[in-house]
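Colleague: Please read through the structure below; I'll follow up with questions.
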Amino acid sequence: KQEVTQIPAALSVPEGENLVLNCSFTDSAIYNLQWFRQDPGKGLTSLLLIQSSQREQTSGRLNASLDKSSGRSTLYIAASQPGDSATYLCAVGISNDYKLSFGAGTTVTVRA
Amino acid sequence: GEEVAQTPKHLVRGEGQKAKLYCAPIKGHSYVFWYQQVLKNEFKFLISFQNENVFDETGMPKERFSAKCLPNSPCSLEIQATKLEDSAVYFCASSQSSALYGYTFGSGTRLTVV
């Protein structure tokens, strides 16, 4: 069974600081890995999707890396803004199984 | 449209009543998934469909939960005789012909059983 862990559970930083969010998974036979953002009481917004054959993806201030062999992904958010405050979820798609295994999320607060 | 539309946004049911949730996937997406978010960030897979066929139902509590995806209709998730522990946010997601393209989630339906 795939276990997905996100560290830290919560993070509070001053505006302008770079954010580093970690995700680890136990089974390296993944299909893809997706990072989502969830605002309180809202749905999931997809941020970045990394296929198992890729090592990283970038979108604006966001960069996500994937190291399948070590079972890790890292989401970097550069120059954080108060609007980045949200919960960030890592979800792993398992090979031949379209289900997603979610981590428990990292709740980020960016202080103005 | 380019979003997964879930209705209603909120649903309150008395214990023992029926609840029915709807999901319109993105047009052209072949796969539909239902997830239950119980605690703050705990997502539980319920069921998936490939077009109108059940693809994987290993997460469904079969005695009270049922789901359908019929042609030209929104998909539905129905809970018979709701229990207090069914209170959760139910998310629907859809994906193109394979998971290679990732998943698009709807905004969820918050079910409260009182």
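Colleague: Residues A:Val13, A:Val20: which one is crowded, with 16+ Cβ neighbours inside 10 Å, in contact with a strand residue (DSSP E or B) (Cβ under 9 Å, 6 or more places away or on another chain) and assigned to a strand (DSSP E or B)? Walk me through how you get there before you give the answer.
Modeller: Details: A:Val20 fails: crowded, with 16+ Cβ neighbours inside 10 Å.
Sole residue among the options that is crowded, with 16+ Cβ neighbours inside 10 Å, in contact with a strand residue (DSSP E or B) (Cβ under 9 Å, 6 or more places away or on another chain) and assigned to a strand (DSSP E or B): A:Val13.
Colleague: Which condition does A:Gln51 not pass, out of (1) of a type outside the set (Lys, Arg); (2) within 8 Å of chain B (Cβ to nearest Cβ); (3) in contact with a helix residue (DSSP H, G or I) (Cβ under 7 Å, 6 or more places away or on another chain); (4) crowded, with 19+ Cβ neighbours inside 10 Å, if it passes all the others?
Modeller: Looking at each condition in turn, A:Gln51 falls short on (4).
Colleague: When you scan the stretch B:9-54, how many residues do you find that are crowded, with 17+ Cβ neighbours inside 10 Å, touching a Ser or Thr at 6+ places or on another chain (Cβ under 7 Å), within 12 Å of chain A (Cβ to nearest Cβ) and outside any loop (DSSP other than H, G, I, E, B)?
Modeller: Residues flagged as crowded, with 17+ Cβ neighbours inside 10 Å, touching a Ser or Thr at 6+ places or on another chain (Cβ under 7 Å), within 12 Å of chain A (Cβ to nearest Cβ) and outside any loop (DSSP other than H, G, I, E, B) within the stretch B:9-54 amount to 3.
Colleague: Pairs, please: C-beta under 9 Å, at least 6 apart or cross-chain, first residue in contact (Cβ under 8 Å) with a residue 60 or more places away in the chain and in the stretch B:77-97, second among the small types (Gly, Ala, Ser) and loosely packed, with under 13 Cβ neighbours inside 10 Å?
Modeller: So the pair list comes out as B:Ala81/B:Gly16; B:Thr82/B:Gly14; B:Thr82/B:Gly16; B:Lys83/B:Gly16; B:Gln96/B:Gly28; B:Ser97/B:Gly28.
Colleague: Being touching a strand residue (DSSP E or B) at 6+ places or on another chain (Cβ under 8 Å), more than 29 Å from A:Val4 (Cβ to Cβ) and modelled with pLDDT of 95 or more is the requirement here; does B:Lys83 meet it?
Modeller: No, not satisfied.
Colleague: Residues being within 13 Å of chain A (Cβ to nearest Cβ), in a loop (DSSP other than H, G, I, E, B) and touching a Ser or Thr at 6+ places or on another chain (Cβ under 7 Å): count how many of those fall in the stretch B:81-114.
Modeller: Going through the stretch B:81-114 one residue at a time, the tally reaches 4.
Colleague: Inspect all residues belonging to the stretch A:72-88 and state whether any of them is surrounded by 14 or more Cβ atoms within 10 Å (Cβ to Cβ), within 14 Å of another protein chain (Cβ to nearest Cβ), under 20 Å from B:Cys92 (Cα atoms) and out of contact with any helix residue (DSSP H, G or I) (no Cβ under 7 Å at 6 or more places or on another chain).
Modeller: Looking through the stretch A:72-88, at least one residue is surrounded by 14 or more Cβ atoms within 10 Å (Cβ to Cβ), within 14 Å of another protein chain (Cβ to nearest Cβ), under 20 Å from B:Cys92 (Cα atoms) and out of contact with any helix residue (DSSP H, G or I) (no Cβ under 7 Å at 6 or more places or on another chain).
Colleague: Given the options A:Asp39, A:Asp67, name the one that is under 15 Å from the mean Cα position of the chain (by Cα), more than 14 Å from chain B (Cβ to nearest Cβ) and surrounded by fewer than 19 Cβ atoms within 10 Å (Cβ to Cβ).
Modeller: Details: A:Asp39 fails: more than 14 Å from chain B (Cβ to nearest Cβ).
So the residue among A:Asp39, A:Asp67 that is under 15 Å from the mean Cα position of the chain (by Cα), more than 14 Å from chain B (Cβ to nearest Cβ) and surrounded by fewer than 19 Cβ atoms within 10 Å (Cβ to Cβ) is A:Asp67.
Colleague: Which residues, taken from the stretch A:99-112, are within 14 Å of chain B (Cβ to nearest Cβ) and either in contact with a Lys or Arg (Cβ under 7 Å, 6 or more places away or on another chain) or in contact (Cβ under 8 Å) with a residue 12 or more places away in the chain (or both)?
Modeller: Result: A:Leu100, A:Ser101, A:Phe102, A:Gly103, A:Ala104, A:Gly105, A:Thr106, A:Thr107, A:Val108.
The values are calculated or read from the model by the stated rules, or taken from the named source; none is laboratory data. None of these values were measured; they are calculated from a predicted model. Positions of Cβ are backbone-derived with ideal geometry, glycine not excepted, and every protein chain shown enters the neighbour counts.
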